[in-house]
Structure formats: structure tokens, C-alpha cells
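Everything below concerns the one structure shown next.
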Amino acid sequence: MIMVQDIIVSEELVTEKFICDLNACKGACCIEGDVGAPLEKEELKILRRIFDDIKPFLSSEGIHAIRQKGFFVEDEPEEYSTPLLDDEACAYRVIDQSGIMSCGIEKAFLAGATDYKKPISCHLYPIRIVKDEKSNFEAINYDRWDICSAACTLGAREKMPVYEFLKEPIIRKYGADFYEELDGAAQYLKQKEKGA
């Protein structure tokens, strides 16, 4: 484990390799799983605020599900996620002509229709955050999922560590200083491994 600004970071973010390979997985993370994308509390208001802006980028089924179930759902007390369609896909997901699923919110962002890119849990994946506000504990872990096996293969071929692939969302979540400290720790670990 690595400590960065009082946050525990799994060494797997440095040692494991990853590059998202949408051509191989077709965006399966938008449909696989038991619940929708985990949401942070501040994101709940954002999803309400941007709905009219992102609506043109969503599927009709997604819009219908959001109107029926809400902008988000509460899975457990104080734990929220995006609503799902009947086939268990995220209500915010869209499918392009080649059958690749992606985030309708991100499509709206890329088109300049909103200032919000997508849920941070999606942007950070395969990183998952474990947090307990009462004990002030926070840990960043690498999440293994078989649907991402092609991403692991591509990452290994390109020698891309998880944390480097996720530089933008890590900075979005924790700031540039945090990323620089993490990168410094990663370089130290690499040098230590070479010297061993």
C-alpha cells in the first residue's frame, strides 16, 4: 500500500497495466453489474441540474427510465447509483452504430452541452474508492473484472500502469498535487524494484 495525502492507495495502481479497449468489450461496464454507476452525494444535484442539457444525447428508453425511477436511486441508506433500464443497463448509456455502449452524459459533455463529464466512479474505473466518513478512512483500490480482460492485455502490451491511464480522472477527483505525489511514489517503487 502507498499513502498519498492520508489516502491509502493500492500498489496495484502502479504494478497492474490497463488501457480501456472499447472495440473488444463494447462498453460492457454500462450494462454489467447489480446496480448502476455509484454516485457521490454532490453528483445527485448535478444530475438534476443537467438533465435538460443531456436529454438530447440519451436514448428514449433511458429518458423514460429516468422519468420513472428518478435521476438516481438509493441502493442502501446513503448509497446512490444511476437508475437502470429493464435489461439492467445504465439509463444514461447510449449505443452507437457499431454496437459500442458509452455514456450519454459524456457525449453531451464532448458536444459542449454540459460542464459535467460523467459520474466520477465511471471516469475512474477500474479504480474503486472505499470511504468511511465517520472514521475519516479512504482507500483507492484496483478492481478486477473479467469484462476488462482485453483492457489488461492492451495495457500490458503498451506498458501502461493503471494510474497513468487514469491520470485525468485522478486529477479531477483528487487534484494535480495528489497525482504528482502518486507518480513520485510510483517512480520510487519502480527504482526500488530495479535495485532489488
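Every number here is computed from the coordinates shown, using simple stated rules; none is lab data. Predicted model, so just to flag it, every value in this text is computed and none were measured. Positions of Cβ are generated from backbone atoms using ideal geometry, with glycine treated the same way; all protein chains shown enter the neighbour counts.
Assorted remarks:
- Sites Ser149 and Asp86 - FRET efficiency at Förster radius 30 Å, r taken between beta-carbons, to 0.05: 0.65
- Sorted largest first, the principal axis extents computed over the alpha-carbon atoms of region 26-117 equal 38, 27, 20 Å.
- Taking Cα centre as origin and charging only the Cβ of basic (Lys, Arg, +1) and acidic (Asp, Glu, -1) residues, the dipole magnitude of the chain rounds to 540 debye.
- For q = 0.14, 0.20, 0.22, 0.25 Å⁻¹, Debye-computed log10 I/I(0) when each Cα of region 129-196 counts as one equal scatterer: -0.58, -1.05, -1.15, -1.21
- Packing, taken as the mean count of other beta carbons within 10 Å per residue, orders the peptides 112-122, 92-102, 184-194 from highest to lowest as 112-122, 92-102, 184-194.
- Calculated SAXS-style log₁₀ I(q)/I(0) at q = 0.08, 0.09 Å⁻¹ - the chain, Debye, Cα scatterers: -0.29, -0.36
- Measuring nothing but alpha carbons in region 69-160 and taking Rh as the Kirkwood radius, the Rg to Rh ratio lands at 1.00.
- Here's the list of lysines a cross-link from Lys107 could span, going by alpha-carbon distance under 25 Å and ignoring same-chain residues fewer than 8 apart: Lys26, Lys41, Lys45, Lys55, Lys69, Lys117, Lys118, Lys167, Lys173.
- Between helix 60-69 and the chain: long-axis angle, C-alpha atoms, 0 to 90°, nearest 10: 90 degrees
- Acute angle (nearest 10 degrees) that the helix 176-195 long axis makes with the longest principal axis of the chain, alpha-carbon atoms: 40 degrees
- Within a straight-line Cα-Cα reach of under 12 Å, Lys190 can be paired with the following aspartates and glutamates, leaving aside sequence neighbours fewer than 8 residues apart in one chain: Glu11.
- Potential lengthening between Glu32 and Glu168 on full extension [0.36 nm per residue; Cα-Cα distance subtracted]: 46.6 nm
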